[in-house]
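These notes concern the structure reproduced below.
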């Protein structure tokens, strides 16, 4: 059995995961195992609502809020450390590092995400989590360290989240915004653009990140920068999540700046290279079959919108889009036939058509089409990055070019 690649996110409080939310949603949908460790329940935070929480039940409320957010982001597993909110820095450091070492050895992540060295803003919990995770990253791979914490494990990479200086300068008010904490006013810090190692282009998952943030109602500061930032800038930052590579046992491949997992392969126990290739071939065929269903469904959606619209511009556009989707269907069916796989039994998904037809207005229909086509692009790009076999790579290259053209057409029509 091939173990899927795994990302472990370790943060101090409920809502800290939002800064990597689009990334986690993207990788989760691509089949990567995603695990979130939250150090505290956020029980001493400021409450920014009159009816959603009290000082007595805030920990319970923020627990539910994070569970809600994980659902939107598709996070596969949520773990709690129940460390004291505001008191992480006061924990006995060796014991705290040992706890994270155990988490790493149990989860066996390929990539770890956490707070930056400067905390993004200097919350003492953020700074302490960075230091603890940094120590644990190396200790987890050392058999002499914490021998009772389980079999050693060497993560490939440790990334910290970041906001580039250019975004920092462009976001209105961010440079002057301060987080009030225990009588102190804490500034945010930008990272020089040339120090950003990876920018995840995850626009198709912005809505999931925004929905996850909506879950954290108790933390919706009406004067916070997220609330005051123009929607376009907020979406742009959510669509381009940025990271610094803080440590690595397997460096990023030369020239790669858009994939945290670039160059990493799923662990395969005792299997030899031939069986690994067979596993990937089977996975690739399964992905092609899923795409064929998706694109036949999208043809149905287009034809459904065409038959139910009185707007000439929309009917003409969805017919054009359906023609492009039909070309993609032909490509997928041909690729499956060449691989000896039947394609005629793979029908459109009626549930997708039913969901699409719930939208009555043209803007809502176009928005839905844009979301669908952007999600398809993300999936195909992920498969293209993984493809090693020349024939498989050629198929995914051609498919990616076609779906990109479809997504661009929808974006242009949407204006």
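The values are calculated or read from the model by the stated rules, or taken from the named source; none is laboratory data. Note that this is a predicted model, so its numbers are computed, not measured. Backbone-built Cβ (ideal geometry, glycine too); neighbour counts: all protein chains shown.
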Criterion first (farther than 30 Å from residue 228 by Cα, in the same structural domain as residue 204 (by TED's automatic domain parsing), at pLDDT 95 or above and in contact with a helix residue (DSSP H, G or I) (Cβ under 6 Å, 6 or more places away or on another chain)) does residue 97 satisfy it? yes
Take the stretch 172-200 and flag every residue that is touching a helix residue (DSSP H, G or I) at 6+ places or on another chain (Cβ under 7 Å) and modelled with pLDDT of 95 or more. 200
In the stretch 10-21, is there at least one residue being buried (at least 22 other Cβ atoms within 10 Å of the Cβ), in contact with a helix residue (DSSP H, G or I) (Cβ under 9 Å, 6 or more places away or on another chain) and more than 20 Å from residue 211 (Cα to Cα)? yes
Those residues of the stretch 48-71 which are farther than 13 Å from residue 15 by Cα and either surrounded by 20 or more Cβ atoms within 10 Å (Cβ to Cβ) or in contact with a helix residue (DSSP H, G or I) (Cβ under 7 Å, 6 or more places away or on another chain) (or both), in sequence order: 48, 49, 52, 53, 58
Would you mind stating whether residue 334 is surrounded by fewer than 14 Cβ atoms within 10 Å (Cβ to Cβ), outside any loop (DSSP other than H, G, I, E, B) and in the same structural domain as residue 360 (by TED's automatic domain parsing)? yes
Looking at (1) more than 27 Å from residue 264 (Cα to Cα); (2) at pLDDT 85 or above, can you tell me which one residue 346 breaks? (2)
Which of the residues that make up the stretch 212-239 are surrounded by fewer than 19 Cβ atoms within 10 Å (Cβ to Cβ) and within 13 Å of the chain's Cα centre (by Cα)? 239
Which one of these is in the same structural domain as residue 142 (by TED's automatic domain parsing), within 30 Å of residue 104 (Cβ to Cβ) and over 16 Å from the mean Cα position of the chain (by Cα): 187, 192? 192
Has the stretch 85-105 got any residue that is within 22 Å of the chain's Cα centre (by Cα) and surrounded by fewer than 21 Cβ atoms within 10 Å (Cβ to Cβ)? no
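For (1) touching a strand residue (DSSP E or B) at 6+ places or on another chain (Cβ under 6 Å); (2) within 22 Å of residue 164 (Cα to Cα); (3) in the same structural domain as residue 40 (by TED's automatic domain parsing), each residue gets a yes or a no:
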position	(1), (2), (3)
101	no, no, yes
110	yes, no, yes
114	yes, yes, yes
117	no, yes, yes
121	yes, yes, yes
137	yes, no, yes
147	no, no, yes
151	no, no, yes
Scanning the stretch 351-362 for residues that are in a helix (DSSP H, G or I) and without any contact (Cβ under 8 Å) to a residue 40 or more places away in the chain, which turns out farthest from the chain's Cα centre (by Cα)? 354
In this structure, is residue 236 at pLDDT 85 or above and assigned to a helix (DSSP H, G or I)? yes
Residue check for residue 391: in a helix (DSSP H, G or I) and either surrounded by fewer than 18 Cβ atoms within 10 Å (Cβ to Cβ) or under 25 Å from the mean Cα position of the chain (by Cα) (or both): yes
Can you tell me which residue within the stretch 115-132, out of those that are over 14 Å from residue 40 (Cβ atoms) and touching a helix residue (DSSP H, G or I) at 6+ places or on another chain (Cβ under 6 Å), is surrounded by the fewest Cβ atoms within 10 Å (Cβ to Cβ)? 117
Out of curiosity, is residue 287 surrounded by fewer than 19 Cβ atoms within 10 Å (Cβ to Cβ), within 24 Å of residue 384 (Cα to Cα), modelled with pLDDT under 95 and out of contact with any strand residue (DSSP E or B) (no Cβ under 7 Å at 6 or more places or on another chain)? no
